[in-house]
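A quick write-up on the structure given underneath.
What follows is calculated from the coordinates using simple rules that are stated; it is not laboratory data. Keep in mind that this is a model prediction, so the values were computed, not measured. Reconstructed Cβ throughout: ideal geometry from the backbone, glycine too, with neighbour counts over all protein chains shown.
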Amino acid sequence: MRGVTQPRPPAAGTRVAGAWARKGLWLAALAVLGLAGCTTVPFTQRQSFQMVPDGELASMGLQQYQEVLKDAKLSGDTAKVRMVRGVGNRIAKAAEAFLEEQGHGDKIKDLKWEFNLIEDDKTANAWVMPGGKAAVYTGILKYTRDETGLAVVLGHEVAHAIAGHGNERMSQGLMAQMGATALSVALSQQPAATQSLFMKAYGVGANMGLLLPYSRLHESEADHIGLIIMARAGYDPREAIPFWERMNAGGGERPPELLSTHPAPETRIADIQRDLPEALRYYRK
């Protein structure tokens, strides 16, 4: 139309520059969140991205724990319940002392330990929720056999909890699904999505714990830290090898290691053998 200047589309170079500018802002936002959420895993000193406050996770963990116990049948075997709680509390006490020595004493305030035995002989599992809420299923007792075998399991699961592995998984999910949205906004405006991420990160009931597919890195780290914790609690860490051999023998067919999130049995046992001399120093003290 004469007399009217038609707007011209931005030049290709301008569009590219704008795209790169937006990408730069996005990367800058991710970098800020990464620095804000960066924490050090106790003992291994690995840098881990954990942007969810421990108090928030403990609150979610308590809610899920109560839901699981409401639908579960708790064991009435007083001797087994006493064993689970006795071993659990020794492991928990050792874990707290470990956190203090590692400079992570601030994490202890969110740990309210509780150990229950769920009557389910078909489920060989145990888990520890954020905040220290834990359950052992009677189906795993045929593999643990005694208190030391149980200490291997609870040391491993407590290690996942104090290392923040679930927090790391959930933080990655928050970033993937919600981008640079502040966590407070995600929690207040998208509670269902946040709760869904929590359930995916930690699993629910029998689907979590030893059966939850943490990454191979997390599994190996939990094995390493778990050996130290059980040794500090007065349990012989050498018993971890026969326990995992019994678990592996009862596990049936397994996919190749590259297709599995868990370490291959021979890899796990080799790593435990490598870490045993270190753990034995704590045990012999």
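Distance between the modelled labels on Arg246 and Glu266, one decimal in nanometres: 2.4 nm (7 Å Cα→Cβ projection). When the GluC sites (Glu not before Pro) in the stretch 60-119 are filtered for DSSP coil states and for at most 15 other beta-carbon atoms within 10 Å of their beta-carbon, the remaining sites are Glu119.
In order along the stretch 52-67, the phi-based Karplus estimate (6.51 cos²θ - 1.76 cosθ + 1.60, θ = phi - 60°) of 3J(HN,Hα) comes to 8, x, 4, x, 5, 5, 4, 5, 5, x, 4, 4, 5, 4, 5, 5 Hz; Gly and Pro are listed as x. With a cut-off of 12 Å between beta carbons, the residues surrounding Val52 carry a summed charge of -3, where Lys and Arg count +1 and Asp and Glu -1.
Taking a spot 7 Å from the Cα of Leu69 along the direction of its beta carbon, which residues of the stretch 85-129 have an amide N less than 16 Å from it? Answer for this model: 85-86, 88-89, 111-119, 127-129. For the stretch 160-166, backbone phi angles converted through the Karplus equation (6.51, -1.76, 1.60; θ = phi - 60°) give residue-by-residue couplings of 4, 5, 6, 7, x, 5, x Hz, Gly and Pro being listed as x. When the pairs Lys80/Lys122; Lys133/Lys285; Lys109/Lys142; Lys73/Lys133 are compared against a 26 Å limit on Cα-Cα distance, Lys133/Lys285; Lys109/Lys142 fall above it.
Here's how it looks for Asn116: its modeled amide H is under 5 Å from those of Ala134, Ala135, Val136, which are all 5 or more places away or on a different chain. Approximating the spin labels as points 7 Å out from Cα along Cα→Cβ, the Lys109-to-Lys142 distance works out to 4.6 nm. Testing the spin-label approximation: label points 7 Å from Cα along Cα→Cβ at Arg238 and Glu119. State their distance in nm. Those two pseudo-labels are separated by 3.8 nm.
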